[in-house]
Structure formats: C-alpha cells, structure tokens
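Below is one structure; the comments refer to it alone.
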Amino acid sequence: MDCLREIQGKQAHDPIFIEKMNTSASWRCICVPGPLIVGAGPSGLATAACLKEKGVPSVVLERSNCIASLWQLKTYDRLRLHLPKQFCELPLMGFPTDFPTYPIKQQFVDYLEAYAREFDIKPRFNETVSQAEYDATLGFWRVKSVGVNGKGTEYVCRWLVVATGENAEAVMPEMEGMGEFGGDIRHTSLYKSGEEFRGKRVLVVGCGNSGMEVCLDLCNHNARPSLVVRDTVHVLPREMLGLSTFGLSMWLLKWLPIRFVDRLLLIVTWLMLGDTARIGLDRPRLGPLELKNLSGKTPVLDVGTLANIKSGDIKVCPSIKRLKRHAVEFVNGKTENFDAIILATGYKSNVPSWLKEREMFSEKDGYPRRPFPNGWKGESGLYAVGFTKRGLLGTSMDARRIAEDIERCWKHEAKHRMAFTRSLLQQPSS
C-alpha cells in the first residue's frame with residue numbers, strides 16, 4: 001500500500017507519467033510492495049525463501065506452467081544430480097535424509113516442490129516477461145509480462161531480481177546442410193529416452209555432461225551412438241578415493257593451491273580412467289579446477305560413458321563439416337550415415353532480449369559483467385541470481401546476499417514511513 005501511495009502521489013504531480021502509465025487500456029498495472037523475481041527455478045525459489053525468512057514479501061513470475069520448468073519439461077529421464085546432495089541444497093532446507101547421495105530427476109523436482117510449499121512460494125505461472133525497464137522519473141522498475149491469453153500486465157516494483165539463470169534458452173548451432181539431412185535433429189531439451197532410438201545410428205554433438213550421459217543412455221537402449229568431440233575436455237571419475245570428486249576437491253582447496261589440487265586430481269584420474277587422449281578425448285592445458293574458475297567450463301564427471309567408448313560401443317568423431325542426406329561429413333574428410341542427430345550444445349541466458357539495461361548485464365552473453373562473487377548486485381535495485389557458473393552452491397550464495405541487501409533497504413524505508421506517520425499523528429489539529 002505504501003508503494004501504491006507513493007506512485008499515486010507521483011502520478012498526481014507528473015502528467016507525463018500519467019500518460020506513460022495509461023498508454024494502453026489492455027494493460028493492467030500492479031504495484032508490488034517488495035521485490036519482483038523473474039523465474040521460478042531453483043534460483044528464484046531460493047531468493048523468495050530467503051526474503052520470506054526475513055519478512056520481506058515478493059512476487060515470482062514464471063513463463064511456464066510449473067516451477068523448475070527446465071528440470072520438469074526439458075531434461076532426459078535418466079538425469080540425476082551430478083554432485084552429492086549436500087552441495088545442491090537450497091538455503092534453509094536440506095534434502096530428505098532418505099534421498100540417495102545423487103538424487104534422481106524426480107526426487108530433485110519433489111524437493112523443489114516441497115521447498116516452495118515450505119516457504120509458501122506461489123509463483124504467477126504462464127507469465128512471460130517481455131520487457132523490464134527502470135523508470136528514472138518514477139524511481140521504480142516497470143516490468144511488462146504477457147499471459148497465455150495474450151493479456152498484458154505491468155508490474156511496478158522497487159527491486160527487480162533476475163532469476164532466469166544460465167539455461168533459459170537452448171543453443172541451436174547452425175550447420176551446413178541441416179535442411180538436407182532429412183532425419184531427426186533435436187536439442188537435448190527435447191530428448192527423453194534412448195528407447196525411441198533403439199537400433200538407430202545416432203550422432204550426439206557435444207561432449208559435456210549431457211552429451212556423455214545421452215550417449216550412455218542410447219547405449220543402454222541398444223542404439224548405436226557416436227559422439228562429436230569438438231574441443232578439449234576434462235573427464236574425471238564422479239568419485240575417487242571413496243569420496244565424491246567435487247567434495248574431495250573442495251576439501252583439498254582449503255589447504256592446498258589450486259594448481260596442486262589439479263595435479264593430484266589428474267594423477268588419480270589417470271590411474272582410474274587411463275589416458276583419455278588415446279580414445280579421442282584430449283585434455284585442456286589448464287587443470288580442471290583452474291579452467292572452471294577462469295572460464296566456467298565444467299569438467300565431465302564420468303558415470304560409465306568412458307567404458308563404452310573404450311569398448312567401441314560409442315564412437316568418437318571429430319567436428320562436423322556439413323550434413324548430407326541421412327549422412328554427416330566430418331572435417332577429416334570421412335562421411336558416415338546416421339538416422340538422427342542429438343544436439344548436446346547447452347543453453348544460454350536470454351536476459352538481453354527483455355531487460356532494457358546495459359550496465360549490469362552484458363548484451364553479448366546475458367551474464368553479469370562483474371565476475372563471481374560480485375555479479376549479484378547492480379544499480380537502482382537490480383539483482384541477479386543463478387549466473388555464477390558455480391551451480392546451486394553459487395545460487396544459494398547469491399540468494400542469501402540479495403535477501404540481506406533488500407532487507408536492509410526494506411527496514412530502512414519502514415523506519416522512515418513510521419517516523420513520517422508519527423509526525424503526522426503528532427501535528428496539532430487546527
């Protein structure tokens with residue numbers, strides 16, 4: 001209500017603003033007393049929960065019809081967390097004790113839904129944000145969203161939290177001859193199971209965690225997968241020395257320099273997995289942890305794919321030169337026939353398409369310009385969560401910082417409102 005009164009006061013004295021707010025009768029305007037959060041994935045839920053715990057209300061907008069839409073609608077069936085559950089918890093609520101070390105997809109979705117219930121987070125679903133812009137005249141953010149019925153809503157808020165994350169849109173690379181191929185070409189966001197590819201020759205493009213795991217899934221369903229490896233890649237065992245590789249790395253980094261830890265990881269990996277270069281998987285010059293810190297490129301944690309590459313059940317191929325009719329020509333001059341192509345080419349941020357702001361976010365890649373751990377806060381009440389390239393651990397850190405920062409502003413403004421109200425009550429009546 002205080003937000004509404006402030007806006008109404010400015011409207012009464014600013015005819016230009018009145019005109020801007022009433023440009024279209026088809027748009028309704030909603031004043032948000034607290035922060036507006038765009039995105040109801042783990043990042044948005046974590047921020048809303050941290051705010052709730054501090055007594056700050058928020059509104060969460062989600063373009064899909066459910067929370068964690070990437071996990072629920074755009075992931076393959078065999079997916080499970082690649083890191084142990086203790087490294088994937090959101091703030092203020094852990095996983096159930098009976099969950100396995102690496103929860104499966106449905107268990108993680110169940111956890112997120114229970115999290116939303118625990119903190120009474122009720123996103124406004126099927127609302128796609130088309131534009132968000134800071135109105136310097138008003139001193140508030142104006143966020144326009146469109147529902148499935150085509151009706152528009154403009155939200156006016158003092159704080160805007162961008163929680164659409166690193167995986168908002170699928171990356172679909174252009175390849176010469178795509179229209180000529182004639183077979184099934186799809187992104188991993190549309191891949192569910194290898195069952196529909198049983199007996200078929202499938203080319204998987206991309207050797208990250210998704211590409212490797214899709215190849216393994218295809219093998220398990222008696223398909224004939226090949227894997228395009230376009231770049232160097234670090235492949236590590238998911239566990240070493242009886243511990244999760246990630247957990248061991250985090251513990252060692254408390255005591256040892258990152259390069260020493262990298263050397264130790266690679267020595268143990270060589271003893272466990274052998275020389276991956278011999279099977280077409282060359283390693284980068286930088287170690288896995290140093291490369292992750294500098295570029296955000298995550299090492300692959302092997303869950304069985306390497307054994308299938310060594311046995312010949314998965315064939316490693318070089319980069320693609322062009323596609324032909326049910327065939328692929330590679331840069332080494334060889335051509336092979338395939339029935340389908342799965343693009344494990346990752347995702348990207350979509351922030352530049354809707355956020356009209358050039359200071360905090362890069363227009364090139366849609367990430368905060370300032371690197372971790374300083375990319376969570378911008379100017380004029382703008383925040384970012386889930387863009388750290390450090391998974392759910394980074395998300396939790398951002399969510400806590402944002403909630404603490406907004407809480408300070410919230411309490412400061414509440415104190416001013418209270419003082420103003422007292423002064424009005426103490427004025428003698430004429």
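The values are calculated or read from the model by the stated rules, or taken from the named source; none is laboratory data. This one's a predicted model, so the numbers in the text were calculated from it and none came from an experiment. Because the Cβ atoms are built from the backbone with ideal geometry, glycine has one as well, and the counts that use them run over all protein chains shown. For the accessible areas, the whole protein counts, side chains as well, though only heavy atoms, and no ligand, DNA or RNA atoms are used. Shrake-Rupley method; radii C 1.70, N 1.55, O 1.52, S 1.80 Å.
Things worth noting here:
- Between the residues 286, 319, 251, the greatest Cα displacement towards the positive end of the dipole of the stretch 171-347, with unit charges on the Cβ of Lys, Arg, Asp and Glu, is found for 286.
- The amide H of residue 177, built 1.01 Å from its N in the peptide plane, has 323 as neighbours under 5 Å, considering only residues 5 or more places off or on other chains.
- Partner lysines for residue 364 [C-alpha distance under 24 Å; skip if fewer than 8 residues away on the same chain]: 144, 292, 297, 348, 356, 377, 389
- Under 5 Å, built H, 5+ apart or other chain: amide partners of residue 184: 341
- The orientation-averaged shadow of the Cα convex hull for the stretch 184-319, equal to a quarter of the hull surface, comes to 8.6 nm².
- Per residue solvent-accessible surface (Å²) - the chain, probe of 1.4 Å: 50 Å²
- Cβ-based net charge around residue 258, under 13 Å, with every Lys or Arg adding one and every Asp or Glu removing one: +2
- Only Lys, Arg (+1) and Asp, Glu (-1) charged, at Cβ; the chain dipole about Cα centre in debye: 420 debye
- Computed about the Cα centre, the dipole magnitude for the stretch 171-347 is approximately 300 debye when only Lys and Arg (+1) and Asp and Glu (-1) carry charge, each at its Cβ.
- Set of lysines near residue 324 by C-alpha distance (under 26 Å), chain-local residues within fewer than 8 positions excluded: 192, 200, 315, 334
- Rounded percent of accessible protein surface that carbon and sulfur make up, the chain, 1.4 Å probe: 52 percent
- Residue 104 paired with residue 255, simple spin-label distance in nm, labels 7 Å along Cα-to-beta-carbon: 3.8 nm
- The helix-based estimate of mean residue ellipticity at 222 nm for the chain, built from -39,500 (n - 2.57) per DSSP H run of four or more residues and divided by its residue count, is -10000 deg cm²/dmol to the nearest 500.
- Listed candidates (1) 38, 25, 23; (2) 41, 25, 19; (3) 46, 26, 19 - label of the one calculated as semi-axes √(5λ) of the Cα gyration tensor in Å: (3)
- Separation in nanometres of the label points that stand 7 Å from Cα toward Cβ, at residue 196 and residue 282: 3.6 nm
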